[in-house]
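Student: Please see the structure below; I have some questions.
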Amino acid sequence: MNRADTLEDASVAVADRPWWKGAAIYQIYPRSFQDSNGDGIGDLPGITQRLPHVASLGVDAIWISPFFKSPMKDFGYDVADYCDVDPIFGTLDDFDALVARAHEMGLKVLIDQVYSHTSDEHPWFAESRADRTNRKSDWYVWADAKRDGSPPSNWQSVFGGPAWTWDARRRQYYLHNFLNSQPQLNMHKPEVQEAVLGVMRFWLDRGVDGFRIDALNFAMHDPELRDNPPAPATDKPRTRPFDFQVKKHNMSHPDIPAFIERIRALTDEYDGIFTVAEVGGDEAEAEMKSFTAGEEHLNSAYGFNFLYADKLTPGAICAALAEWPDEEGVGWPSWAFENHDAPRATSRWWSPADRGKAARLKVTLLAALRGNIILYYGEELGLTQVDIPFEQLHDPEAIANWPLTLSRDGARTPMPWEASAAHSGFTDGEPWLPVGEENASRSVEAQEADDESLLHHTRAMLALRRANPALHHGAVVRCETVGDLFVIERRAGTQSIRCLFNFGSFAVAPPSDLSSGTVLASTNGATAASLPPLSAMVIEL
């Protein structure tokens, strides 16, 4: 079969599959993407303005982090109204215009859903906390104090301190796995499930194409409120009380997959809807599989395999891919190297001197992974972690645990658009976070003018992935280190592709049996004769 036949097969193969299977998804953190009204905060009209850039990358969909009405104590993940837009981001009409424009440009639109908790300013919670007899009295997790007045269990919150707060109105404690302003919904209740499914239907009827579901394994707790056991000893520093426990009873209840079946039944009423869950924690792999098993659950899930990893290693990559073999009944994974909760990957994994080449290698690797791939805004520019001084921090976790945790704010800084404009063209006002001098030099405008930039390389790698069925959706048939080279092989139908990576500090001459074939892409000067440090090569066999 010649190359033209392979490319024709690729377009047919992609068309025969759900749009999301093998998709490239672009995550937008709305506060930091583009400000349209000069208040220093990004908004929905700003996203719409910049959609041509996103479409030019060759991604299939955008995922927009929360833009719902919120007091913003956790920057949108504390929702006060699931079915309205916070005024700082615009209006429902602005959202509808964004969806319409995205669809015109061939982009699907995914939005966040937060079902494990709400804001304490949500009307549901206001009613629930009023007394113990109202109709929403058990929509949240309430419990009496122990005889000595202490909390009902030893559970700890992710952001530090007990996961229980006393409320004088009901003379009871309420549960919150995150901030005390984020009370836990009682998702065991069918009425609560109906309410959040109604929220999902509201957005489906407005034309969204899918959902990223936040902290889904926190959605249900042990109703007996049993204490969590202590965590075994570890060589990692424990910076939060949360780290001292095995999170056995405050999350990951076995009834969660049954609720997911209700989500799937709803989304199946619509065409082409994609659902992906965020799943963290000690048992993430097992939960990701149970949440995506068969055709009755979610389409995909992603964990924190790479998001919090201190190093990028071949062993970690192969271990992650091995969890998702190309077998009947096994779910479909999604992968992200960066997001709004984790420090920028190039800053985590490489020294400043190596970051330019490393960013190109990272994009090539991401394009080679089996599953959906998620790019975080600015990743196509090689944005690095910005050092935010304490007095400018907004992130409640960073403030509470200063200085022992890296600020999430450093990965949420404004997108640099224009090289010479104030605040890199993000806003005409004062930005809510600084752009960062280093990132300002990586603007879209500057990289558009440079044919060798990371921006152009990212477009090329996404186009390569989309054009080749082995990369787009093929099985992983090989993942190993051969000498000093890391090798991934993918196969779909008659096409086989081998990807070679040199993560080391010295050039490597690959064996001829590894480097023979048609070179589809070369990163950082790689050739069949030599792969320099931090280089890669994609070969069709």
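The values are calculated or read from the model by the stated rules, or taken from the named source; none is laboratory data. Remember, predicted model here, so these are calculated numbers, not experimental data. Positions of Cβ are backbone-derived with ideal geometry, glycine not excepted, and every protein chain shown enters the neighbour counts. In case anyone asks, the SASA skips ligands and DNA or RNA and just uses the protein heavy atoms, side chains included. Shrake-Rupley method; radii C 1.70, N 1.55, O 1.52, S 1.80 Å.
Student: Within segment 398-424, how many residues turn out to be open to solvent by less than 30 Å² (accessible area, probe 1.4 Å) and in contact (Cβ under 8 Å) with a residue 12 or more places away in the chain?
Tutor: Looking only at that region, the number is 13.
Student: I've got another one for you. Does Asn250 satisfy being part of a loop (DSSP other than H, G, I, E, B), surrounded by fewer than 21 Cβ atoms within 10 Å (Cβ to Cβ) and in contact with a strand residue (DSSP E or B) (Cβ under 9 Å, 6 or more places away or on another chain)?
Tutor: no
Student: Moving on. Is it the case that segment 320-329 has a residue that's more than 30 Å from Trp350 (Cβ to Cβ) and touching an Asp or Glu at 6+ places or on another chain (Cβ under 8 Å)?
Tutor: no
Student: Hey, does segment 434-447 have a residue that's basic (Lys, Arg) and either more than 21 Å from Ile47 (Cα to Cα) or modelled with pLDDT under 95 (or both)?
Tutor: Scanning segment 434-447, I find no residue that is basic (Lys, Arg) and either more than 21 Å from Ile47 (Cα to Cα) or modelled with pLDDT under 95 (or both), so the answer is no.
Student: Also, I was wondering about something else. Any residue in segment 237-260 that's under 11 Å from Ser157 (Cβ atoms): show its pairings with residues that are assigned to a helix (DSSP H, G or I) and open to solvent by less than 50 Å² (accessible area, probe 1.4 Å) at Cβ separation under 8 Å, as long as the two are six or more apart or on different chains.
Tutor: Arg240/Asn401; Asn250/Phe218
Student: Considering each of Thr118, Thr133 in turn, give the residue that is crowded, with 23+ Cβ neighbours inside 10 Å, over 25 Å from Trp19 (Cα atoms) and of a type in the set (Val, Ile, Thr).
Tutor: Thr118
Student: Can you pull out every residue in segment 97-115 that is closer than 26 Å to Ala215 by Cα and open to solvent by 50 Å² or more (accessible area, probe 1.4 Å)?
Tutor: Correct list: Lys108 only.
Student: Same structure, new question: Among (1) open to solvent by 10 Å² or more (accessible area, probe 1.4 Å); (2) within 24 Å of Ala400 (Cβ to Cβ), where does Leu185 come up short?
Tutor: Only one criterion in (1) open to solvent by 10 Å² or more (accessible area, probe 1.4 Å); (2) within 24 Å of Ala400 (Cβ to Cβ) is unmet by Leu185, namely (1).
Student: Let me ask something additional. Considering Ala215, Ala284, Ala219, Ala258, which residue is modelled with pLDDT of 95 or more and open to solvent by less than 40 Å² (accessible area, probe 1.4 Å)?
Tutor: Sole residue among the options that is modelled with pLDDT of 95 or more and open to solvent by less than 40 Å² (accessible area, probe 1.4 Å): Ala219.
Student: Sticking with this one: Please go through segment 84-96 and pick out each residue that is assigned to a loop (DSSP other than H, G, I, E, B) and open to solvent by 50 Å² or more (accessible area, probe 1.4 Å).
Tutor: Result: Pro87, Thr91.
Student: Still on this structure, please answer the following. Select from segment 36-83 the residues that are in a strand (DSSP E or B) and open to solvent by 10 Å² or more (accessible area, probe 1.4 Å) and write down the one among them that is nearest to Pro18 (Cα to Cα).
Tutor: So the residue we want is Cys83.
Student: If you don't mind, another one. Kindly indicate whether Gly22 is open to solvent by less than 10 Å² (accessible area, probe 1.4 Å), modelled with pLDDT of 95 or more, of a type in the set (Gly, Ala, Ser) and within 23 Å of Ser334 (Cβ to Cβ).
Tutor: Considered against the rule, which asks whether it is open to solvent by less than 10 Å² (accessible area, probe 1.4 Å), modelled with pLDDT of 95 or more, of a type in the set (Gly, Ala, Ser) and within 23 Å of Ser334 (Cβ to Cβ), Gly22 comes out as yes.
Student: For segment 204-237, enumerate the residues that are in a helix (DSSP H, G or I) and touching a strand residue (DSSP E or B) at 6+ places or on another chain (Cβ under 6 Å).
Tutor: Leu216, the sole residue that qualifies.
Student: Within segment 353-370, is there a residue that is touching a Gly at 6+ places or on another chain (Cβ under 6 Å) and either open to solvent by 50 Å² or more (accessible area, probe 1.4 Å) or on the phi > 0 side of the Ramachandran plot (or both)?
Tutor: Checking segment 353-370: not a single residue is touching a Gly at 6+ places or on another chain (Cβ under 6 Å) and either open to solvent by 50 Å² or more (accessible area, probe 1.4 Å) or on the phi > 0 side of the Ramachandran plot (or both).
Student: Taking segment 506-530 on its own, how many of its residues are surrounded by 17 or more Cβ atoms within 10 Å (Cβ to Cβ) and farther than 24 Å from Ala467 by Cα?
Tutor: Total satisfying the criteria: 2.
Student: Return the residues of segment 371-389 that are open to solvent by less than 10 Å² (accessible area, probe 1.4 Å) and either in a helix (DSSP H, G or I) or of a type in the set (S, T, N, Q) (or both); say none if nothing qualifies.
Tutor: Within segment 371-389, Asn372, Glu379, Glu380, Leu381, Thr384 meet the criteria.
Student: Among the residues of segment 194-204, are any of a type in the set (A, V, I, L, M, F, W, C), touching a Cys at 6+ places or on another chain (Cβ under 7 Å) and open to solvent by 40 Å² or more (accessible area, probe 1.4 Å)?
Tutor: Yes.
Student: On to the next question. In segment 459-468, is there at least one residue being free of Cβ contacts under 8 Å to residues at least 12 places away in the same chain and over 17 Å from Leu381 (Cα atoms)?
Tutor: Among the residues of segment 459-468, not one is free of Cβ contacts under 8 Å to residues at least 12 places away in the same chain and over 17 Å from Leu381 (Cα atoms), which makes the answer no.
Student: Would you confirm, using the coordinates I've provided, whether Gly378 is closer than 23 Å to Ala23 by Cβ and either in contact (Cβ under 8 Å) with a residue 12 or more places away in the chain or touching a helix residue (DSSP H, G or I) at 6+ places or on another chain (Cβ under 8 Å) (or both)?
Tutor: In short, yes.
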